[in-house]
1. Sorted by mean Cβ packing within 10 Å, highest first, what order do the peptides 198-205, 115-122 take?
2. Compute the Cα gyration tensor for the range 1-54, then decide on rounded, prolate or oblate, letting a ≥ b ≥ c be the square roots of its eigenvalues: rounded whenever a/c is under 1.5, prolate when a/b is larger than b/c in the other cases, and oblate in all that remain.
3. Report the calculated FRET efficiency for residue 190 and residue 237 (r = Cβ-Cβ distance, R0 = 45 Å), to the nearest 0.05.
4. Return the distance in nm (one decimal) between the two label points of a simple spin-label model at residue 83 and residue 96, each offset 7 Å from Cα along Cα→Cβ.
5. Give the distance, in whole Å, between the Cα centre of the range 42-100 and the Cα centre of the range 176-250.
6. Under 1.5 on a/c is rounded, so check that first for the range 161-210, then, if it is not, pick prolate when a/b is larger than b/c and oblate when it is not; a ≥ b ≥ c are the square roots of the alpha carbon gyration tensor eigenvalues.
7. Summing +1 for each Lys or Arg and -1 for each Asp or Glu, what net charge is found among the other residues whose Cβ lies under 14 Å from the Cβ of residue 73?
8. Given springs between every Cα pair under 10 Å in a Gaussian network model of the chain, which of 231, 71, 247 has the largest fluctuation?
Amino acid sequence: MAPRPLIKLNGVVLPSHMIAAEAQHHPAHTPAAAYQAAARALIVRTLLLEEAKREGIVAEPELIAPGKRELDDEARIRALMETHILVTEPGEAECRALYDEASSRFRSPDLFEASHILFLAHPHDTQAYTAAVAQAESIIAELSGAPGRFEAIAREHSQCDSRANGGRLGQIARGETVPEFEKALQELQEGQITATPVKSRFGVHVLKLDARAAGETLHFEYMREQIADYLAEQQWRRDVAAYIERLVSQAQIEGVDMSSASAKARAA
């Protein structure tokens, strides 16, 4: 394997062991890509710390989580950003424009009242999974002639704790169940039972939709603050990216393409 090119910042070689240690924080499709991403991150961090030092910035580490404080370098970078990057509060018209353009994003979630009968089986256990499918098909056939027996059959046969409630799962919102379960719920009408077993990573389900409540578009006044926070954060990220681009453009960097460093800052 060809040796990696030396990576230099203003004529100083970044130690390969330091880049390799940083690479664990930058998952990528290949080790080489992770190494490059780590080098970019180290260069940006070094440039920011050098700028903070040049400006004489001193910062006290802040509490960022219960029992966890910033590292000294993190505190100096935060203080540097607070000095140069101001949070811009968007106006009413800007917030209203985003709300009008993407009103579908500002909806309360669809809610489902559902019940199921579960036959536990691991997908990798072919024999057990096939048997679970056969059990579910048998139950569906029985329920096709007597749908009112769903609760009694759930209490007798289901292998989920919900059997104690006749299979009732209560209220479910989008994203709270596995995709195949949610897809089946969306396709059912109220009171309908799935015509075929629903297969998931947990096993095989016979699913019934008891009730559905469609989400509603939330009023602008209710979403105004969240929209403003979102727009302000997006502008802040753009300003950070521009600031990093300026520092990078003023530095002499060899051995790594820095074009994606500011792009990552914008997307972070």
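No value in this document is a laboratory result; all are computed from the given coordinates. This is a predicted model, so every value here is computed, not measured. Glycine also receives a Cβ, built like all others from the backbone with ideal geometry; neighbour counts cover every protein chain displayed.
1. Numbers: 198-205: 19.5, 115-122: 21.4.
The most tightly packed comes first, giving 115-122, 198-205.
2. Working: a/c = 2.83, a/b = 1.57, b/c = 1.80.
Oblate is the answer for the range 1-54, as a/c is 1.5 or above yet b/c matches or exceeds a/b.
3. Working: r = 44 Å, r/R0 = 0.97.
Here the calculated transfer efficiency is 0.55.
4. According to this spin-label approximation, the distance is 4.0 nm.
5. About 29 Å separates the Cα centre of the range 42-100 from the one of the range 176-250.
6. Working: a/c = 1.17, a/b = 1.09, b/c = 1.08.
Since a/c stays below 1.5, the shape of the range 161-210 is classed as rounded.
7. Values: positive: 45, 53, 69, 76, 78; negative: 22, 50, 51, 60, 62, 70, 72, 74.
Here the count lands on -3.
8. Residue with maximal mean-square fluctuation among 231, 71, 247: 71.
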